[in-house]
Amino acid sequence: MPAIHQFTAGFAWHDAISNEAHHFRNIFRQWGYASEIFCDPANTSRDRRQEVKDIHTAASTIGPDDLVLLHLSIGSVANSIFAALSCRKSILYHNITPAYYFQFTNPQTAAHLERGREQVLALAGKAPINLADSAFNARELEEMGYEQVQVLPIVIDTDLMRIPPNSRIMKRHKDGMLHVIFVGRCSPNKKIEDVLRVFAWLQKNITPLCRLTLIGSKAGNERYHAMLLAMCKEWQLANVEFTGSVSQADLHAYYKSAHVFLCMSEHEGFCIPLIESMMYDVPIVAMANAAVPETLDHAGIQLTERQYDIAAEAIYQLYQDADLRNAVVKTQHDRLARYKSRNLEAELREALTPILPSR
């Protein structure tokens, strides 16, 4: 049976690339192809190892007529194994975060990112079909020598949203407090220190009746997390919670109980939580950096300068002013409608058609 396989640097719950690879595998199997996900066991969460294959076995498994789609996002053995294969190939670029964000908090991650950048450069011209999940990422690939890069926005598995929210979390947050959330890895490029600065202004100068929930893994960024905790202690911030990784049920509950989603990130290749916030009718306040303006596409409240007082005031007005909140949510509904109107599965098939294996 002809096959379409995928390579990822790792595989874990609540990871956007892992979720997309899982969704793609279902799509490829529905198309009538055998399909597996290969990744590095060292970077695969223990509870998902049964779902994937060891990347080191790929070369002996994949035939010349099979198609391999590489999810390119960081320095990885997956990239070098992909380069050496003799088969049909396609690359989907998810962006590589600049290494300088991690030079002081995690030199090892910085080295992986530097290696990834070198591998991206080396892979130029190695696959006939090159995709990127945003125009921002496509431009970056083209600057590194890739030609005719096509944009395919991240495909979100909406089936995950059908999992019921954690009722305990929902009940806990029904206390009349303004609830601000951010969803994303505890990573320096996310500028979570600026989220804390905005929240500090909100709590100290506008209303003490507010809470901040920061949802995302701190694995590999423990020094950065410690710095953020020290900031909270120094500024005597109340009601700030770092949840770490959470279950899908917990994540749904945090979205459903939130009044505003605050994103101060400096570097994003797409930012799926922005789309998720729209799905939950959570109004967004976000810095207009990197791919964020493209992902929002005129929705939400977008900030062009890091003015923490203005960001805090925007949050409070969204909470207090129902008309403003409804107007902002309407912009998000419109953006979401444009996103959903695209048949991303059909776009994926059209992009891969020139190299699809015969069935």
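Quick note: the coordinates plus some simple rules give every number you see, no bench work behind them. These numbers come from a predicted model, not from an experiment. Virtual Cβ from ideal backbone geometry, glycine too; neighbours counted across all protein chains shown.
Using only helices, what value at 222 nm comes out for the chain when you add -39,500 (n - 2.57) per DSSP H run of length 4 or more and divide by the total residues, to the nearest 500 deg cm²/dmol?
-12000 deg cm²/dmol
Just checking my list (1) 25, 43, 25, 6; (2) 29, 57, 14, 0; (3) 33, 60, 7, 0 against P(r) over Cα pairs in 20 Å bins from 0, in percent computed from this structure; which label fits?
So the calculated entry is the one marked (2).
Counting only other residues whose beta carbon sits under 12 Å from that of residue 198, what net charge do I get with K and R as +1, D and E as -1?
So the surrounding residues net to 0.
Show me the ranking of peptides 46-54, 222-230 by mean Cβ neighbours inside 10 Å, starting with the highest.
Per-residue Cβ counts within 10 Å, averaged per peptide and sorted highest first, yield 222-230, 46-54.
Within 11 Å, Cβ to Cβ, of residue 240, how many net charges do the neighbouring residues add up to if Lys/Arg are +1 and Asp/Glu are -1?
+1
What's the local net charge at residue 4, with K and R +1, D and E -1, over the other residues with C-beta under 12 Å away?
+3
Rank by packing, highest mean first: peptides 33-43, 2-12, with packing defined as the count of other Cβ atoms within 10 Å averaged across residues.
Packing proxy ranking, top to bottom: 2-12, 33-43.
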